[in-house]
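Working notes for the structure below.
Read-outs: derived from the displayed coordinates by stated rules, not from any lab. As the structure is a prediction and not an experimental result, all values here were calculated from the model. Cβ placement follows ideal geometry from the backbone for every residue including glycine, while neighbour counts extend to all protein chains displayed.
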Amino acid sequence: MAKLQTKSANINPFGGLFSIFKAFDKSGVRNVIDRTLGPRGTLLAFSHGDIFASLLGCYLTGGDCIDLDFDHQCIPAGKKDAEYSYKKAFGYFPGVASVGGLIVGIENRDGNTNVKFHQKDTLERILCVQVHPYQRLGQLREGHHRDFNKRGASERNFDFLNNDFGWAHLPFSFLNENTVFMIATAILKNFHLYFLGVLRGRAEGVDCGTRIKRFVRRFVNVPAKWTRSGRMDVLTLYTKRQIYLSLCG
């Protein structure tokens, strides 16, 4: 007959996060965020990079919302500044441009605007910011708009953002704040794709197309415990997989 017992040890079920946050720092994303947005003030303990990392942790531990190619999609939203749309619902129509699955630009608009309204101007604004330093804007204007309109890739992006990074549950009441949220989570989605590339062939059950729920089961869910040894904090992972050590080396 089996005997059941409990222990008060503080075991964390998400030990894989430590390696992910290490990669987040090594990738330079945190530095770019802090350098671009600047300091939050001398009395605030957390930087903008810390906030992005915390938001990433929310989705990598099973959360789907927080309390606080080119295509458009209608996001029904009962927000204070949402307009009534031809979809017969109040909401926003964010436009997302992507190249090879990586999001390169987002422009939000209210639901009262037709999705084709000044779409070319939107693309040129995004392309001018992203590509002008490489002197390729003219080429893109002439022949590459169609690459941003491949609906299959765009729809996969929206599916990813809606279901994995909180776009289906916008946290704020107004367009501008929700646009910031969508840009932030799009950056985190890009980092997720980058990290999947780092893991390519090194983590069982994880490939370049792994979605968040499967990624959490296959990589993030590792029992872990923080202890203190030799004046240092030590994180012990209860797993035989060595990938976590190699990522933190």
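Do any trypsin sites (Lys or Arg not before Pro) in the stretch 182-249 lie in a DSSP loop with no more than 15 other beta carbon atoms within 10 Å, and if so, which? Can you show the working numbers first?
Numbers: sites: LYS189, ARG200, ARG202, ARG211, LYS213, ARG214, ARG217, ARG218, LYS225, ARG228, ARG231, LYS240, ARG241; in loops: ARG200, ARG202, ARG211, ARG231, LYS240, ARG241.
Filter output for the stretch 182-249: ARG200, ARG202, ARG211, ARG231, LYS240, ARG241.
Quote to one decimal, in nm, the extra length available between ARG211 and SER246 on full extension: 0.36 nm per residue of separation minus the C-alpha distance between them. It would help to have the intermediate numbers written out before the result.
Working: separation 35, 0.36 × 35 = 12.60 nm, distance 2.27 nm.
Full-extension gain reported as 10.3 nm.
For the pair LEU193 and LYS225, what calculated FRET efficiency results from E = 1/(1 + (r/R0)^6), where r is the Cβ-Cβ distance and R0 = 30 Å, to the nearest 0.05?
Details: r = 30 Å, r/R0 = 1.01.
Efficiency for this residue pair is about 0.50.
Using Cβ counts within 10 Å as a stand-in for footprinting exposure, how do SER85, SER19 rank, fewest first?
On the way: SER85 19, SER19 24.
With the sparsest Cβ surroundings first, the list reads SER85, SER19.
Rounded to whole Hz and in sequence order, give me ³J(HN,Hα) for the stretch 210-215 from the Karplus expression 6.51 cos²θ - 1.76 cosθ + 1.60, θ = phi - 60°, writing x for Gly and Pro.
5, 7, 4, 4, 5, 4
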